[in-house]
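Engineer: What follows is a single structure, and I will ask about it in a moment.
The values are calculated or read from the model by the stated rules, or taken from the named source; none is laboratory data. Just so it is clear, the structure is predicted and the values come from calculations on it, not from any experiment. Please note: Cβ atoms are built from the backbone with ideal geometry, for glycine as well, and neighbour counts cover all protein chains shown. Just the protein is used for accessible areas: all its heavy atoms, side chains included, with ligands, DNA and RNA removed. Shrake-Rupley method; radii C 1.70, N 1.55, O 1.52, S 1.80 Å.
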Amino acid sequence: MLFWNGSGAMAQGLSVADSPVRLSETYELANIILALTDYGKTDPWEVSQQSAYYREVRARFDAYSNHPLLSVVNYSRKEWENYLSFRTDAYAFAFDSSGRLVRQFPLVTNKGFDPINAHLALIEDFARVSGFRDFYRLHLPYYQELATAYLTSQHYPEMRQFLETELGKQTADGTYAIVMSPLVGRMNCHRTVAGVGTDFITLPSFLLTGKAVQEATPDEIASGTHMLFTELDHAFVNPLTEQYRSLVRAGFDNRLWDAGSGYERDSLATFNEYMTWAVYDLFVAHCFPSVSATVCSDWTLQNETRGFWAGALFTQKLVTLYRHRKPGQTLRDIYPVFIRQLGKLSHKLRKPAITACNLADKTISDTLATVVITFSEPMHRLPAPELVRVAEKQGKTTQQRIRLGRETAGLTWSRKGSVMRFRVQLVKGAVNQLVFNYPWKTNIPVSSRRGINLPPYTRVNVTVSDD
């Protein structure tokens with residue numbers, strides 16, 4: 001296995017010796033193999049296909065698409081444990097002097113799945129006949145440059161300092177590693193490997209498309225840090241939560257906070273995931289204050305689609321407590337106070353919803369519509385909420401973000417915020433979906449006065465006739 005601790009100029013404040021990046025020849029081999037399978041070619045998210053490197057991989061290795069290995073590792077979304085295990089477990093292997101793959105240390109990404117050992121001979125044969133090792137050596141400068149750009153863009157030194165200052169130093173120096181491949185499209189993965197906390201990460205899109213770090217916008221960089229931060233801070237959040245296990249169990253009921261995320265089976269996992277993202281919001285506000293509102297709102301809505309439906313409320317309570325902390329206090333100091341506060345929120349945990357709309361599922365003839373929406377409870381009376389109008393006409397879909405201000409849309413609120421009235425221009429001869437809280441498209445989410453967002457993608461359908 002080839003480990004790399006940096007090359008050339010590193011991120012400001014981070015020496016070459018301190019770099020946590022590890023480049024792995026066998027990890028890259030596994031990712032190239034998966035990228036060549038039918039599943040890897042056709043799934044839009046599993047393999048990142050946006051880089052020139054991906055196109056080079058395809059051009060170089062497509063000639064070996066009939067190798068028998070590719071059919072036996074042609075996994076699917078349903079077989080994600082095998083896919084992730086094949087990709088990640090490869091990190092534990094290295095080539096010996098004769099070109100054989102030899103395990104260097106124990107690593108079981110998913111218990112009960114061992115696809116590397118099951119197909120070891122075929123993997124070795126693919127690497128030999130395809131000339132993979134020459135390809136890898138030729139591209140080492142690219143991997144190294146990408147690693148340097150990644151650490152620079154992630155503000156890794158600031159990230160680490162922030163977490164250690166706020167939550168306490170949880171791991172010793174040199175016991176953290178980042179493993180990357182430009183081909184990984186999804187499924188960030190954190191595992192402890194030979195005693196080292198290791199994150200197998202995805203890379204930000206702007207790096208993969210060849211944009212220099214200095215050319216990236218602040219919101220691209222701030223949003224891109226989420227992948228590393230929300231893996232790294234588990235190493236700080238989880239041990240601290242463990243110290244307050246009984247307090248969390250008493251004050252945080254997974255059945256109330258979790259809407260089927262998959263984390264609810266673990267007594268602390270749902271709390272840790274909520275906390276991880278709330279701490280991310282504090283970090284973004286600390287390092288990227290000019291774009292923090294938009295970036296954090298986007299990720300909150302995205303996480304609410306995963307089942308963490310009260311993310312806005314959870315984060316709001318933590319941020320408020322943090323802002324009013326005593327001089328010298330850190331997140332670590334206010335942790336138990338915050339957990340106790342959450343226990344007092346049980347009666348507020350209710351999803352707001354649209355209960356009525358004058359035009360819902362109706363067909364009208366006028367493209368300028370007056371919409372009256374009734375909510376299940378009083379909402380924040382925003383002066384200019386946003387929606388996305390999605391129009392479907394003759395098999396084509398168009399989208400437009402619309403801000404509903406008083407001047408532009410005649411927006412009014414009544415009944416203490418339970419009723420919202422506005423005008424909106426619709427598309428003739430089309431089904432018009434008025435979508436609220438659309439992640440990555442609406443910057444101002446609609447939320448209840450209790451602080452809970454209207455569920456992402458809440459919508460009203462209105463058809464405008466073609467007459």
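Engineer: Among residues belonging to the range 418-467 that are under 16 Å from HIS380 (Cα atoms) and of a type in the set (A, V, I, L, M), point out the one that is most open to solvent (accessible area, probe 1.4 Å).
Structural biologist: ILE444
Engineer: Something else: Restricting attention to the range 45-62, report how many residues are closer than 10 Å to GLY185 by Cβ and either part of a helix (DSSP H, G or I) or over 25 Å from the mean Cα position of the chain (by Cα) (or both).
Structural biologist: Of the residues in the range 45-62, the ones closer than 10 Å to GLY185 by Cβ are 45-50, 54.
Retained after the next criterion (residues that are either part of a helix (DSSP H, G or I) or over 25 Å from the mean Cα position of the chain (by Cα) (or both)): 54.
Qualifying residue count for the region: 1.
Engineer: Oh, and also: Kindly indicate whether any position in the range 200-211 is within 17 Å of the chain's Cα centre (by Cα), in a strand (DSSP E or B) and touching a residue at least 24 places away in the same chain (Cβ under 8 Å). I'd like the intermediate steps shown before the answer.
Structural biologist: In the first step, residues of the range 200-211 are kept if they are within 17 Å of the chain's Cα centre (by Cα); the result is 200-208.
Now narrow it down to the ones that are in a strand (DSSP E or B): 200-201.
With touching a residue at least 24 places away in the same chain (Cβ under 8 Å) added as a condition, the list becomes 200-201.
Yes, the range 200-211 contains at least one residue that is within 17 Å of the chain's Cα centre (by Cα), in a strand (DSSP E or B) and touching a residue at least 24 places away in the same chain (Cβ under 8 Å).
Engineer: Please find, within the range 173-199, the residue that is surrounded by the most Cβ atoms within 10 Å (Cβ to Cβ) out of those that are under 15 Å from the mean Cα position of the chain (by Cα) and not acidic (Asp, Glu). Give the derivation first.
Structural biologist: Within the range 173-199, the first condition is being under 15 Å from the mean Cα position of the chain (by Cα), and the residues that meet it are 184-190, 199.
Subsequent filtering for residues that are not acidic (Asp, Glu) retains 184-190.
Details: VAL184: 24, GLY185: 21, ARG186: 13, MET187: 14, ASN188: 14, CYS189: 18, HIS190: 16.
Taking the candidates together, the pick is VAL184.
Engineer: Which of the residues belonging to the range 328-359 are open to solvent by 50 Å² or more (accessible area, probe 1.4 Å) and under 17 Å from LEU282 (Cβ atoms)?
Structural biologist: First, the residues of the range 328-359 that are open to solvent by 50 Å² or more (accessible area, probe 1.4 Å): 328-329, 332-333, 337, 340-341, 344, 346-348, 350-351, 355, 358.
Once the filter is applied, which keeps residues that are open to solvent by 50 Å² or more (accessible area, probe 1.4 Å) and under 17 Å from LEU282 (Cβ atoms), the range 328-359 yields GLY328, GLN329, ARG332, ASP333, VAL337, GLN341.
Engineer: So which residues in the range 143-162 are of a type in the set (Ser, Thr, Tyr) and modelled with pLDDT under 95, if there are any at all?
Structural biologist: Across the range 143-162, the qualifying residues are THR148, TYR150, THR152, SER153, TYR156.
Engineer: Going through the range 223-278 one residue at a time, which ones are among the charged types (D, E, K, R) and under 17 Å from the mean Cα position of the chain (by Cα)? Talk me through it step by step, then tell me what you get.
Structural biologist: First pass over the range 223-278, keeping only residues among the charged types (D, E, K, R): 231, 233, 242, 245, 249, 253, 255, 258, 264-266, 273.
If the condition is that a residue be among the charged types (D, E, K, R) and under 17 Å from the mean Cα position of the chain (by Cα), then GLU231, ASP233, GLU273 are the ones that fit.
Engineer: Then there is this: Give the number of residues within the range 249-270 that are under 20 Å from THR305 (Cβ atoms), of a type in the set (Phe, Trp, Tyr) and open to solvent by less than 20 Å² (accessible area, probe 1.4 Å).
Structural biologist: Number satisfying all stated conditions: 1.
Engineer: Could you say which residue among THR148, THR165 is assigned to a helix (DSSP H, G or I), farther than 23 Å from TYR54 by Cβ and in contact (Cβ under 8 Å) with a residue 12 or more places away in the chain?
Structural biologist: Working: THR148 fails: farther than 23 Å from TYR54 by Cβ.
It is THR165.
Engineer: If you don't mind, another one. Considering the range 280-295 alone, what residues qualify as being under 14 Å from the mean Cα position of the chain (by Cα) and open to solvent by less than 10 Å² (accessible area, probe 1.4 Å)? Explain how you work it out, then say what you get.
Structural biologist: Taking the range 280-295 as the starting set, the residues that turn out to be under 14 Å from the mean Cα position of the chain (by Cα) are 280-281, 295.
Result: TYR280, VAL295.
Engineer: Go through the range 299-319 and give me each residue that's out of contact with any Pro (no Cβ under 6 Å at 6 or more places or on another chain) and assigned to a helix (DSSP H, G or I). Quick ask: steps written out before the conclusion?
Structural biologist: Of all residues in the range 299-319, those out of contact with any Pro (no Cβ under 6 Å at 6 or more places or on another chain) come to 299-300, 303, 306-319.
Within the range 299-319, TRP299, THR300, ASN303, GLY311, ALA312, LEU313, PHE314, THR315, GLN316, LYS317, LEU318, VAL319 qualify.
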